[in-house]
Each structure stands twice: as structure tokens, then as C-alpha cells.
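Taken together, the values in this text are just the output of simple stated rules run on the coordinates, not laboratory data. Because the structure is a prediction, the values reported are computed rather than measured. Reconstructed Cβ throughout: ideal geometry from the backbone, glycine too, with neighbour counts over all protein chains shown.
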Amino acid sequence: MKKLIIIQTVTPDYRAQFFRTLEEGLKDRYKLYGGDVYFQKSIKSSELIKKISIKNHFFLGRKFLFQTGIWHLLFLNHVLVMSLNPRVISNWLFLLVRRLLGKEIVLWGHAWPRHGKESKSDKVRSLMRKLATSIIVYTNQQKKELEAKMPNKKIYSAPNALVSKSEMTTNQASSEITNILFVGRLTKEKKPYFLLQSFAEHINQFPKETKLLFVGEGEEKKEMEKFIIQNKVEERVKLHGHISDYQELKALYSSSLFSVSPGYVGLSLTQSLGFGVPMLVSRNENHSPEVEALNEFNSLFFETDDIHSCGRTMLKVFSEKKDWVQRRSKIMTACKANYSVENMTQTFIDLLK
């Protein structure tokens, strides 16, 4: 009986629900292998996820990776799923050998490089895609784009999701919804410091009970802490650190009128929409594929790196609070239909049919 074997660079806690659902659905027909730390050292595997540990060997300044502890899987007649990441050198060897032997190997990841499908580096990724027997991408839009480029390749989509349908709930008690929320890594690319500055610049125009809440860790944290003290906004800004507990996250989203992505949009978008919370987004960023979930009903854009545009947009939502609170149920329902963990896992389960 064929098994689904997934090999990952790292298994961070935000994937816990996904891997747990896969295990429950496939039982002994599923195995997960993963390393401990990603290319970016801040991204680490979670102890909440059951996996078979393998070794990640980084080289050339952590630009490339070779994995060991997986080579006994090379010749097995099971469905192997590996990362669609050209920087993982061991994946190239698996692709070459398994294709020569006529064995199935699936690549899972972004269809295009970080700088888009027209970037020069897509030539390398294109070769990797050609070697795979089939490909799983993160969004339906990427699936359509890749099908147009590779009409003879089996291509599936597994829209990135963090929350199960049963966990998608929302709060419409207006008096309890007072805050602004950022969820993500505190890095320069995500621009949390910019959001902090914008909030501080306009702080006297927000309701007095409004707080800016940050969930995440990263290299920007120390500078943010210093800014908070220097500007005496300790009572209005809270740095919660990394949170993976569902109940804690649910409480923070429930109290927030909207979330903000001051840098590029990532996975936190579908998490926010899953709780019915709209998102304010920086317009001209190199967004991740999840940006396809945005529309005029569930989000607003502000001008990139413009503190005043960001501030005005946040204040606009507060001025239209009644309308945005009423939208929460429909925002959550739409997310549940398209971006649930159940929908995501089904694509992988179907590989064994």
C-alpha cells in the first residue's frame, strides 16, 4: 500500500494543524521528515509536530542546503513530496534519480521565485518543475498560471491555511473590538517598526482604549522596545512575542478591529480573515501568493512606506467601525470556503488515490 512521505526543511508551529489533520486522515499511510532550522534562523521546527528528524547542512552563508537522514527513501515506491526550492541541493538528486527510475516525486511550494515569474532565477526553478512528476502550489491563481506554462504537467493547488473550519469563529460585539493587530516576524521585510511609528504619530486621534498589539519575534524587537519607552506609549503598545496557542490568538483577533500588513502579505492574511478580521495592506510590496485572498470587501490598501497614509487608513476604519464589524461574519465564511486546513490537506490525501 502506497504511503505519503513528506520531506520538509523545517516544520514550524503554524503548520501543526495541517500536519495533524494529514496524520488523522491517512494514519499509518503518512510519514513526515523535517530538519530543525530554516535558512532564516528565526524559523524553527515545533515540538508540537510529530516528525522524523533529519539533518540540515547549510553552506555558502546559509544560501544552500543539503539534507541527510532521508536517503533510504530514495528508491521506495511511495509518493514523495519535497520542497519546490532550488536551494535545497539534495532535492535535485532525488528528482534526477527518481525520474530516471520512473518513481513518483511531487514538489510543493511557490510556483515562482520571490521576484516573480519574469525573474532570471525562474530558469532554475523551471528546470526543477520539469523534473517533478506533479506540482502542488499555494494558490489557485498560481495553479492557473503554471498550467498555462506547463499544459502537460499535473498541477494541483493547496491554498495555504493555518486554521480549520471548526476554529474559524468571529466576534461581532462592537464594544469589545477596539485594538489593532500585527501578526508576523518582527523583521525589516515585514516593517513592524514602520507600523509602530505610524500609530505613535496618530495616537491621539485613535479612541483612548485602542491598543496596538504585536505578535511575533525578530531582530526589530529591540529597536521597537526602545521606541516605545522613548515615546512613552507603553500603555498603548503591547509586544506579545511569538504565540502559537489557538485560544490566545483567537482572543487577540476577537479584540481587534483590523490587522495590518505594513510589509509584504504572508500567511497571517488567511488567519486574520478566518477570524473575520479585515486587513490593511501596504500597496506596492512584493507580496506572497496569499494576496489573492484580498478584495475590496475584506481589506484596504495604503501607500507603501507612507506613515500618514497608513495612519489615515487606520483612522478611516475606526470611523466606519459599524460597517466593518458587520462584515466580519461574511469575511469569515468566505475564508472558510476557500482557505481552511481541511481544503489544504485534501489535495495531499488525493495524491494516494
Aspartates and glutamates with Cα under 19 Å of Lys316, excluding same-chain neighbours fewer than 8 positions away: Glu176, Glu201, Glu209, Glu296, Glu303, Asp305, Asp306
How long are the semi-axes of the equivalent ellipsoid of the chain, taking √(5λ) for every eigenvalue λ of the Cα gyration tensor, in whole Å from largest down? 38, 21, 19
In the stretch 165-338, with Lys and Arg counted as +1 and Asp and Glu as -1 at Cβ, which of these residues, Pro262, Ser272, Ala173, has the Cα nearest the positive end of the dipole, that is, farthest along it? Ala173
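If you average the sequence gap of Cα pairs under 8 Å that are 6 or more apart and divide by the length of the chain, what percent do you get for the contact order? Before the final figure, lay out the partial values.
Numbers: 658 pairs, mean separation 57.7, N = 353.
RCO, the chain: 16 percent.
For the stretch 55-157, count all C-alpha to C-alpha pairs, find those more than 25 Å apart, and express that count as a whole percent of the total. Please report the intermediate quantities before stating the final value.
Values: 1007 of 5253 pairs.
Of all Cα-Cα distances in the stretch 55-157, 19 percent exceed 25 Å.
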Once you have the Cα-Cα distance between His57 and Gln247, take 0.36 nm times their residue separation minus that, and quote the gain in nm to one decimal. 64.8 nm
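Summing +1 for each Lys or Arg and -1 for each Asp or Glu, what net charge is found among the other residues whose Cβ lies under 12 Å from the Cβ of Met168? Mind showing how you got there, number by number?
Working: positive: Lys165, Lys250, Arg328, Lys336; negative: Glu167, Glu342.
Around Met168, the charge tally is +2.
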Taking Cα centroids, how far is the stretch 257-292 from the stretch 166-182 in Å? 16 Å
Please compute the contact order of the stretch 4-158 in relative form: average sequence separation of alpha-carbon pairs under 8 Å and at least six residues apart, divided by the residue count, as a percent. 17 percent
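Beyond a 25 Å Cα-Cα separation, which of these cross-linked pairs lie in this structure: Lys2/Lys154; Lys250/Lys321; Lys123/Lys336; Lys41/Lys191; Lys51/Lys353?
Lys123/Lys336
Rank these for me by crowding, His202, His72, going from fewest to most other beta carbons within 10 Å.
On the way: His202 16, His72 7.
The order, fewest Cβ neighbours first, is His72, His202.
Using a Förster distance of 30 angstrom, determine the FRET efficiency expected from the C-beta separation of His240 and Phe64, and round it to 0.05.
Details: r = 34 Å, r/R0 = 1.14.
So the FRET efficiency works out to roughly 0.30.
Sorting Ile52, Ile136, Ile243 on the 10 Å Cβ count, fewest up front, what's the list? Can you show the working numbers first?
Details: Ile52 12, Ile136 23, Ile243 16.
Listing Ile52, Ile136, Ile243 from fewest to most nearby Cβ atoms yields Ile52, Ile243, Ile136.
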Spin-label point model (7 Å from Cα, Cβ direction): what's the Glu176 to Lys353 distance in nm? 3.9 nm
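What value in Å³ per residue do you get for the convex hull of the alpha-carbon atoms in the stretch 250-353? Each step should come with its number before you reach the end.
Working: hull volume 10.3 nm³, N = 104.
It is 99 Å³ per residue.
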Share of pairwise Cα separations in the stretch 165-338, more than 25 Å, in percent: 24 percent
What aspartates and glutamates could a cross-link reach from Lys221, if we take a straight Cα to Cα line under 15 Å and drop same-chain neighbours fewer than 8 places away? Glu189, Glu234
Counting only DSSP loop positions in the stretch 258-353, the chymotrypsin sites (Phe, Trp or Tyr not before Pro) whose Cβ has at most 16 other Cβ atoms within 10 Å are Phe297
Strictly over 27 Å apart at the Cα level, which of Lys165/Lys222; Lys149/Lys190; Lys188/Lys211 would you flag in this model? Lys165/Lys222; Lys149/Lys190
